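Structure first, then comments.
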Amino acid sequence: MEEYLELVPVPNPKVRLKKIDDKYYLLIPMDSKLDFLARRLHGDYRRIELDEIGAYTWELCDGRRTVREIGKALRARFGEEVEPLYERLVTFLFELAKRYLVEFKRVSEL
């Protein structure tokens, strides 16, 4: 776990966070030629709904903060609500990475 805490999640620049009707969504552009049918049915973006903790986590992923720093900010804002903090945070960030919404870099690569 310790090695993950020094990674820096860098968000995909094409993805943006938007609040719609008091809900948070990541808007992922459907820009592949293979997405033409999905675009016709659902518009230009795929949407992933996030809770308040997920939305704040996304905002903290600025390409400069490490996972450890993001965790400290989450704990400061949400307290016990985010525990077990780093297990949940790393799992969430890796789920985003599997969908190509973030990538990880080492501090030395920045």
* Quote the charge dipole size of the chain about the Cα centre in Debye, to the nearest 20; the model charges only the Cβ of Lys and Arg (+1) and of Asp and Glu (-1). => 560 debye
* To do: Answer with a single label: of (i) 7.7; (ii) 7.0; (iii) 6.6, which was calculated as mean projected area of the Cα convex hull in nm² from the structure in view?
  => (i)
* Asked: Given the rule -39500 (n - 2.57) for each run of at least 4 DSSP H residues, summed and divided by the residues of the chain, what is its mean residue ellipticity at 222 nm, to the nearest 500 deg cm²/dmol?
  -> -12000 deg cm²/dmol
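Values quoted throughout were computed directly from the atomic coordinates according to the rules given, and no laboratory measurement underlies them. Quantities reported herein were computed from a predicted structural model and do not represent experimental measurements. Cβ sites come from the backbone with ideal geometry, for glycine too, and all protein chains shown count toward neighbours.
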